[in-house]
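Data block below; observations after.
Bear in mind these aren't lab numbers, they're just calculated from the coordinates by the rules spelled out. A quick note: this is a predicted structure, and the numbers were derived from the prediction, not measured. Glycine also receives a Cβ, built like all others from the backbone with ideal geometry; neighbour counts cover every protein chain displayed.
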Amino acid sequence: MSRKFATWDTAIIALTVLVLIIASLVVDNFGTSRNFTFMVLDLLPIILVALPMTFIIVTGEIDLSVASTLGLTSSLMGWFWNHGLSIETIIPLCIVIGAVAGVLNGFLITGLGLPSLAVTIGTLALYRGLALVVLGDGAVADFPFNYTGWVTGTIGGGAVPNVLILIVVLALIFGVILHATPVGRSLYAIGANAQAAHFAGIRVARTKFWLYVVSGAVAGLVGVLWTLRYSSARADNGAGLELAVVAAVLLGGVSIFGGKGSLPGVLAGVVLLTALQNALRLEDVSGQALNIVTGALLVLSVLLPNLISSIRGNWQRRKLRQSAA
Amino acid sequence: MSRHRLAAVLAATLLVAAGCGGTTKDNQSDSAGTQASATADPNAKLKEGLKIAYLPKQLNNPYSDVETSGGEEAVKELKGEYKKVGPNDAAASSQVSYINTLIQQQQDVIVVAANDPNAVCPSLNQARTAKIKVVTFDSDASKDCRDAFINQATTQGIGESLAKMALEQAGGSGDIAVLSATPNATNQNAWIEVMKTELAKPEYSKLKLVKIAYGNDDDQKSFQEAQGLLQSYPNLKVIVAPTTVGIAAAARYISSSSYKGKVQVTGLGLPNQMRQYVKDGTVKKFALWNPADIGYLAAYAGAALASGQISGAEGDKFTAGKLGEYTIGKDGEIVLGPPTEFTTENIDKFNF
Amino acid sequence: MTPAAARPPIKFDILKTRELGIVLALAALVLYTTINNPRFLSGQSVRDNLLNTAILAVMATGQAVVVITRNIDLSVGSVLGISAFAVATVMSDHPGLPMIIAILVGLAVGAAAGLLNGVLVRYGKVPALVVTLGTLYMYRGITYSWAGGSQVNADELPAHFLNFANDNLLGVPWLVLIALLVVGATTWVMRNYRVGRELYAMGSSPPAAELAGIKVARNLLGAFVLSGALAGLAGVLFAARFGTVDASAGTGYELNVVAAVVVGGVAVFGGSGTVWGAGLGALLLTVISSALAVLDINQFWQQAIVGALIVLAIGADRLVAVRIARSLRKRDAHV
């Protein structure tokens, strides 16, 4: 585990830093403070949803329903607003509803023992469908400016976006839990071998259940932020985000089989994808090419470590044979 | 035990939050700021070398391709720099990142067809703060976040034309249905409203509007909605589709089904897409403005704004190349002109 | 209970009840809708439903085979897109080409895409979910770059190509015949041929299959190539049926295809389920959406219903599996 941590994570962090430096030097208008604000706003939803997603994938499961949960809370936010609820009530309510969506996922997966991939593909359709039922194709837009303005605004009108505080605080909390507490270690244990973890006294089912609840709650929060950022509650908000999040998490070095990966790697993965997109757009490279880059990076993020380790394995075997001879 | 306590805490939080009122839809103050217009100098010369960027609803839409091709022509005449960018999907939020990029690139004019009138607003206002002129076309953004809007035709004119064509095609009486874009499409809804007022008039008393279906401007969805309409309403005589995607899909379905010749399709369509169905008799008549002229007019309006010739105020006048002189109307609207009707006689004269 | 009593393989009994369940659900749905609106069973309506099912069923067939081996192919929507655009471009550039060439082009494009998926899964040792998620992006991106905003319209395509979607043989449209042939032949092979049984074995226990001397690599590549080729074929059918093809053709189809397979009783853990069950799943999903339109139920419910169905279907599978396991244990205890 620690070996993997040292190699792929460091590589992806180094690559991210390299891309940021090169882009600032080569791409016009990339390194400006305004562009920094834009990038932070663009990576906000991916990075927040990626935090609990990292936990879930580390335990060897997956949650594909997050973007639909986001859409559902966004829809409901518009509906509540139209029905006269105050925004101060709506925001916690939406987070709770997101958590409830997570409770259903968690129950189906840990309570009934169903495969998380199939369950969350099902709830992906279900939650998005409910979002459409709530708001149809309509949009609700007249949210109060002091809230929408906060999400898009910066601290004191400077270069640091308000939402960056939120990102930093949540990333720190998740990072500390994963890397510095028994809970975090138990997640790795579950992902490495759920049965062994169970025998070691870890409550596997309960832990996974709460991960889905947290994932739902965070998706609910992101639904609120998304709605406020675009001043527009719509059922199709965030459609397809789950793929971007999973891509970023895997790119960050988390193994889809569980048990491996680190949060700094994931954060680097998100920043790398967002920065690449931003730089390519500034260079007028079409969104199409972006798709190819994202897909290729995703496959390579797993393929390359595999190739490297198999080449290294061959080399060591040869060396062994040589020393034997 | 702890689980119950958590639930109780959450419930209490909600109740407290609900109890102390807070900001609701009814009591919020409208604080969206509007920008003061600069004064215009009608004699200012149009600047050369202006960077004019087009941001359609999405790429890969043949209709907006024609619109922007007109823009490209005009920008060339203006000796400016033309650029077209856009998302692959028409989701409300996907345009925002592109607007941000255009701000970073310091364009002079952004010509945008808004996917959502509000979602693009904060970014467009940021662009205007950065001295970029914003012209909307095709689908307007809220009027306090753009400088001018190119309206393809008056809402009244299109609504009337749709009702008139429906009456002709139905032969004076019978059931008609509308196949629209999305239920919240600003244009389509306004036209359908006018159409409904028209239908209430005595000369339309024998026409019955049985259903408004939505194909979401998605080819396949529109196709299936057309199919559903005919299954649900056996006496349907005319499908009116006020969207180029919808009319083409409806015509394609009818032309390949047993309803061909019995059910008419009309509405707003692109001649190139509809040519086949006009020739095989599925469609007798449909209408549209020339979309290339919209993009063309937008470029000149943007250039006039960026050169200080006009400020976007009502009554400002400017000349748009081959299209002649235009006057800005209420709320910064510039109306292109009346729509053209296409029939089997004239369709071969148009190529867009 | 004596050990000799229940001889026929239990697995097939469960599957039969599963497929019977879908047929019953279909019958109830059709009956209810027809009572409300008799035109639902009119010739035109039945034909439309079958035509709409055809494309989904062809893709579900390939997906079912891949899922049976305990893998997944999420790239099928993008493969449909690239194939539909390739075929439409070829046919509009060379209107004289016969239909069979169009079909072969589609199959070839799809098979190549599927082969890449298979190679990465098998030899790159990258999980299928990751590979096909990646190629979902890549194939779509390639199609967008290639199309560059253009689209092929119906009037640019030769008449014989477009008529293919409407022509029929003895009253059955070609599209439906092709779908029946694909589902039927694949079901037959999976059930009665060695390779079919090997694919089930691979899904039941990948390491055991390897140890048993099954040519896992060959079979796995074969499954992905089949899934790709059938998605490519679906692209041809899509282009012929809808006439207008742009780079976004088939976006999001993967969800419907996986839904059809899962609702049709193929377990995501691999090793069980049938191809014709997946075909039935495709039919059920299509009939639901058209019934909603006919019954004038808010179209927005459609996706929620599909989602609920998937969850119900896997939940039901699980319950049945648990009960069977319990009864097996009981029987063993008696012996």
Could you compute the FRET efficiency for A:Leu166 and B:Lys196, with r as their C-beta to C-beta distance and R0 at 60 Å, rounded to 0.05?
0.80
Based on Cβ point charges of +1 for Lys and Arg and -1 for Asp and Glu, what charge dipole magnitude is obtained for the protein assembly as shown about its Cα centre, in debye rounded to the nearest 20?
4400 debye
How far apart, in nm, are the 7 Å Cα→Cβ label points at C:His94 and A:Phe199?
6.3 nm
Chain A - charge dipole about Cα centre, Lys and Arg +1 at Cβ, Asp and Glu -1, debye rounded to 20:
1540 debye
Relative contact order of chain B, pairs being alpha-carbon contacts under 8 Å that are 6 or more residues apart, as %
20 percent
Under 5 Å between amide hydrogens, which residues at least 5 positions from B:Ala213 or on another chain qualify, with H placed 1.01 Å from N in the peptide plane?
B:Val178, B:Leu179, B:Ser180
FRET efficiency, 1/(1 + (r/R0)^6) with R0 30 Å, evaluated for A:Leu112 and C:Lys330 via beta carbons
0.90
Which of rounded, prolate, oblate describes the stretch B:94-241, given a ≥ b ≥ c as roots of the alpha-carbon gyration tensor eigenvalues and a/c under 1.5 marking rounded, otherwise prolate only if a/b is larger than b/c?
prolate
With a 10 Å cut-off between alpha carbons and a GNM built on chain B, which of B:Asp316, B:Asp41, B:Asp26 moves the most?
B:Asp26
Honestly the stretch C:10-334 on the Cα gyration tensor test (a ≥ b ≥ c root eigenvalues; a/c under 1.5 rounded, otherwise a/b vs b/c for prolate or oblate) is just oblate
Could you tell me the calculated FRET efficiency between C:Ala208 and C:Ser150, based on Cβ-Cβ distance and R0 = 45 angstrom, to the nearest 0.05?
0.35
If you average the alpha carbon positions of the stretch B:156-207 and of the stretch C:280-307, how far apart do those two centres end up, in angstrom?
29 Å
Protection proxy ranking, peptides A:280-286, C:309-315, A:312-318, average beta carbon neighbours within 10 Å, highest first:
C:309-315, A:280-286, A:312-318
Going by Cα centres, the stretch A:49-92 and the stretch C:212-279 are how many Å apart?
31 Å
Please report the relative contact order for chain C, taking Cα pairs under 8 Å with a sequence separation of at least 6, and give it as a percent rounded to a whole number.
33 percent
Which of B:Gln104, B:Phe286, B:Ala301, positive extreme of dipole for chain B (C-beta unit charges)
B:Phe286
Could you work out the mean count of beta carbons from other protein chains within 10 Å of each residue's beta carbon in B:89-101?
6
Whether the stretch B:155-288 is rounded, prolate or oblate, judged on the alpha carbon gyration tensor where a/c under 1.5 counts as rounded:
rounded
Filtered trypsin sites (Lys or Arg not before Pro), the stretch B:266-335: DSSP coil and at most 10 other beta carbons within 10 Å
none
Cut-off of 10 Å, at most 10 other beta carbons, DSSP loop: longest stretch of chain B lacking such GluC sites (Glu not before Pro):
B:49-344
Given charges at Cβ of Lys, Arg, Asp, Glu: the stretch C:270-335 dipole, positive-most of C:Trp301, C:Gly273, C:Ser290:
C:Gly273
In bins 10 Å wide, starting from 0, what share of all Cα pairs of the stretch A:2-311 does each bin hold, as a percent?
6, 26, 34, 24, 8, 1, 0
Filter the trypsin sites (Lys or Arg not before Pro) in the stretch C:18-49 down to the DSSP loop ones having no more than 10 other Cβ atoms within 10 Å, then list what survives.
none
Among A:Ile109, A:Ile308, A:Ile190, whose mean-square fluctuation peaks in a Gaussian network model of chain A (Cα, cutoff 10 Å)?
A:Ile308
Counting other C-beta atoms within 10 Å, which of C:Ile72, C:Ile55 has the fewest, and how do the rest follow?
C:Ile72, C:Ile55
Sort C:207-214, A:218-225, A:84-91 by packing, meaning the average of other beta carbons within 10 Å per residue, with the highest value first.
A:218-225, A:84-91, C:207-214
Computed for the stretch C:10-334: size of charge dipole around the Cα centre, +1 on C-beta of each Lys and Arg, -1 on C-beta of each Asp and Glu, debye to nearest 20, value 1500 debye
Any trypsin sites (Lys or Arg not before Pro) in the stretch B:109-187 that lie in a DSSP loop and have at most 12 other Cβ atoms within 10 Å would be B:Lys131
Say the dipole of chain A comes from +1 at the beta carbon of Lys and Arg and -1 at that of Asp and Glu; which of A:Leu221, A:Ile22, A:Ile311 then lies farthest toward its positive end?
A:Ile311
So what is the calculated 222 nm ellipticity per residue for chain A, using -39500 (n - 2.57) for each DSSP H run with n of 4 or more, over all residues, to the nearest 500 deg cm²/dmol?
-25000 deg cm²/dmol
Quick note on A:Arg321, A:Arg185, ordering by fewest other C-beta atoms within 10 Å, gives A:Arg321, A:Arg185
Across peptide C:263-274, what mean number of C-beta atoms from other chains lies inside 10 Å of a residue's C-beta?
1
Highest-MSF residue in chain B out of B:Asn88, B:Asn125, B:Asn189 [GNM, Cα springs under 10 Å]:
B:Asn88
Between C:Leu20 and B:Asp331, how many nm apart are label points set 7 Å from Cα along the C-beta direction?
6.3 nm
Between C:His160 and C:Ile35, what length in nm is gained on full extension when 0.36 nm per residue of separation is reduced by their alpha carbon distance?
41.2 nm
What list do you get for A:Val293, A:Val66 if you sort them by fewest beta carbons within 10 Å?
A:Val293, A:Val66
